[in-house]
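Worksheet: the structure to be examined is printed underneath.
The values are calculated or read from the model by the stated rules, or taken from the named source; none is laboratory data. Keep in mind the model is a prediction, meaning the values are calculated, not measured. Cβ placement follows ideal geometry from the backbone for every residue including glycine, while neighbour counts extend to all protein chains displayed. Remember, those area values only see protein heavy atoms, side chains included, never the ligands or the DNA or RNA. Shrake-Rupley method; radii C 1.70, N 1.55, O 1.52, S 1.80 Å.
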Amino acid sequence: MKTVNHFIGGKAVEGASGNWGPVTDPATGAVTTKVALASVEEVDAAVASAKAAYATWGTSSLAARTAVLFRYRALLDAHRDEIAALITAEHGKVHSDALGEVARGLEIVELACGITTQLKGELSTQVSNRVDVSSIRQPLGVVAGITPFNFPAMVPMWMFPLAIACGNTFVLKPSEKDPSASVRLAELASEAGLPDGVLNVLHGDKVAVDGLLHHPDVAAVSFVGSTPIARYIHTTASANGKRVQALGGAKNHMLVLPDADLDASADAAVSAAYGSAGERCMAISAVVAVGAIADQLVDKIRERAEKIKIGPGNDPTSEMGPLITAAHRDKVALYVKGAAAQGAKVVLDGTGHTVEGFEDGHWIGLSLLDEVSTDSDAYRDEIFGPVLCVLRADTYEEGLAVINNSPFGNGTAIFTRDGGAARRFQLEVEAGMVGVNVPIPVPVGYHSFGGWKDSLFGDHHIYGTDGIHFYTRGKVTTTRWPDPADAPAGVDLGFPRNH
């Protein structure tokens, strides 16, 4: 059986706690790997490695850092198929989805390659007589990232490339459900010339998480995951004096107006709701149909959903893979099974789906629930699976109110041909990321990703300008120098004294 160990100080470090976690192949249900789960002492060792590396990396030149990052980008590009295969083997998503994940992570590496322009300071001269004011940004020290199972390569790459480009050192605690991709990312960084200890990968469960949240040498914590854990991360790390960005869960809505192209809207709803088996915080999980279009839109979504081929992620013909664990599959199924009792019309029931030859895999089919009420469990909770709820509204204002009354505010979208309606929605909706005829409005790398309300705890969004500000702190210097002509008697600097 394959073993995944920690990566500390530039090399693999065998787990010493005696605790191991199982990693399964979601397509077969078989345990294929065991992953080391860190003790408090191993947390201390990873942080100590990062702290020692910071002594030189934090003062290294921008040219030296970007040289490493450019080589790293080239290695990631060359190994993208390998990384995608690791994701598919442990997460289950189809290979094309896994490749897309690597590509989106590469965007942030590319942003980090251009860190020299992002870290430029500012200077104001002669703010008063012979007084100048300058501002610079400096690294924090040792920072940590705690990342989820659904994007085991992309989300870590949303964090550590910018953090190390800014001069910090990094301890990554990835999900123990699919740990191999993160280790490979660290190995390639080392191959690119990243000094030992600058990037460390520590596997574990709550012991490792709490160890990082309480460690006095960790200056900041980045997190992506569910809302309850994000709230806990923010509260605990903040109480320990750390800077925190904690991105939580979502219930993303797609508002479809009566003038929308219904074929394009249905295509978008299917890809956004069921892509990556719905296991993504930017999935569309609720469609709000306005006016008389609802029946027609639901029919179009159903027709498309029924054609989606479900199968192993390494099968090129598969369009959707299994869920990460059997327990999660069963939890998702409960929402579908209970929907009718709570007033929904079950248009498609994906529970009980199996794949021939892979009967023990974590399979579930696509589910479509119509006429869902806002007080039902299927609507209120983040299901994190291939379940799409359709709600109905008579007017734009009613549909907008449904979205704004949600406790989540991660992403949202509107489908319409009317620019004025789209503009109103952009300004009036309460969410951090908005798509106009774009179902999953994940910003490109040089903007920033993050939601509102219960989808974000902390003041900074992730990557982009916000990410750079999160991983640095500002310093302002006010300087006054006497004029050289006023030098003390006997000191001749060659300046005339008749000014």
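List of remarks:
- In a residue-by-residue description of the stretch 89-111, the property of being part of a loop (DSSP other than H, G, I, E, B), at pLDDT 95 or above, buried (at least 22 other Cβ atoms within 10 Å of the Cβ) and not basic (K, R) applies to at least one position.
- Scanning the stretch 133-165 for residues that are assigned to a loop (DSSP other than H, G, I, E, B) and under 19 Å from the mean Cα position of the chain (by Cα) yields T147, P148, F149, N150, F151, P152, A153.
- Among the residues examined, A268 does not qualify as within 21 Å of G450 (Cβ to Cβ), in contact with a Pro (Cβ under 7 Å, 6 or more places away or on another chain), at pLDDT 95 or above and buried (at least 24 other Cβ atoms within 10 Å of the Cβ).
- Qualifying residue in the stretch 446-469 (condition: without any contact (Cβ under 8 Å) to a residue 60 or more places away in the chain, over 24 Å from H234 (Cα atoms) and exposed (fewer than 15 other Cβ atoms within 10 Å of the Cβ)): no
- In the stretch 297-307 there is at least one residue matching the filter, namely being assigned to a loop (DSSP other than H, G, I, E, B), free of Cβ contacts under 8 Å to residues at least 40 places away in the same chain and farther than 23 Å from I403 by Cα.
- Restricting the stretch 16-58 to residues that are acidic (D, E) and assigned to a helix (DSSP H, G or I), the residue that is surrounded by the fewest Cβ atoms within 10 Å (Cβ to Cβ): E41
- Selected residue (only one of A401, A378, A431 is assigned to a helix (DSSP H, G or I), within 26 Å of the chain's Cα centre (by Cα) and of a type outside the set (D, E, K, R)): A378
- Breaking point among (1) touching a strand residue (DSSP E or B) at 6+ places or on another chain (Cβ under 7 Å); (2) free of Cβ contacts under 8 Å to residues at least 60 places away in the same chain; (3) farther than 21 Å from D261 by Cα; (4) open to solvent by less than 30 Å² (accessible area, probe 1.4 Å), for A422: (3)
- The sole residue among A289, A341 that is surrounded by 17 or more Cβ atoms within 10 Å (Cβ to Cβ) and either in a strand (DSSP E or B) or without any contact (Cβ under 8 Å) to a residue 12 or more places away in the chain (or both) is A289.
- Criterion (in contact with a Gly (Cβ under 8 Å, 6 or more places away or on another chain) and open to solvent by less than 70 Å² (accessible area, probe 1.4 Å)) met by exactly one of G352, G357, G361: G361
- Selection within the stretch 240-264: residues that are touching a Leu at 6+ places or on another chain (Cβ under 9 Å) and small (G, A, S). The member of this set that is farthest from F449 (Cα to Cα) is A260.
- Test set (1) touching a Gly at 6+ places or on another chain (Cβ under 8 Å); (2) farther than 30 Å from T169 by Cβ; (3) not hydrophobic (A, V, I, L, M, F, W, C) - H234 fails condition number: (2)
- Leading residue by the ranking (most open to solvent (accessible area, probe 1.4 Å)) among those in the stretch 113-132 that are hydrophobic (A, V, I, L, M, F, W, C) and outside any helix (DSSP H, G or I): L123
- Checking the stated criteria, N410 turns out not to satisfy the condition of being open to solvent by 70 Å² or more (accessible area, probe 1.4 Å) and modelled with pLDDT of 95 or more.
- Residue count for the stretch 161-212 under the criterion of being farther than 28 Å from A89 by Cα, without any contact (Cβ under 8 Å) to a residue 40 or more places away in the chain and crowded, with 23+ Cβ neighbours inside 10 Å: the result is 0.
- When F149 is tested against (1) surrounded by fewer than 18 Cβ atoms within 10 Å (Cβ to Cβ); (2) touching a residue at least 40 places away in the same chain (Cβ under 8 Å); (3) not polar (S, T, N, Q), just one condition goes unmet, and that condition is (1).
- Taking each residue of the stretch 59-72 that is exposed (fewer than 13 other Cβ atoms within 10 Å of the Cβ) and looking for partners that are β-branched (V, I, T) with beta-carbon atoms closer than 8 Å, six or more apart or interchain, yields A63/T116.
- Within the stretch 252-265, the set of residues being open to solvent by 10 Å² or more (accessible area, probe 1.4 Å) and of a type outside the set (G, A, S) comprises L257, P258, D259, D261, L262, D263.
- Checking the stated criteria, V332 turns out to be in contact (Cβ under 8 Å) with a residue 12 or more places away in the chain, touching a strand residue (DSSP E or B) at 6+ places or on another chain (Cβ under 7 Å) and under 18 Å from M282 (Cα atoms).
- Single unsatisfied condition, A283 versus (1) farther than 28 Å from A85 by Cβ; (2) at pLDDT 95 or above; (3) aliphatic (A, V, I, L, M): (1)
- Restricting attention to the stretch 446-499, the residues being under 27 Å from K120 (Cα atoms), acidic (D, E) and modelled with pLDDT under 95 number 1.
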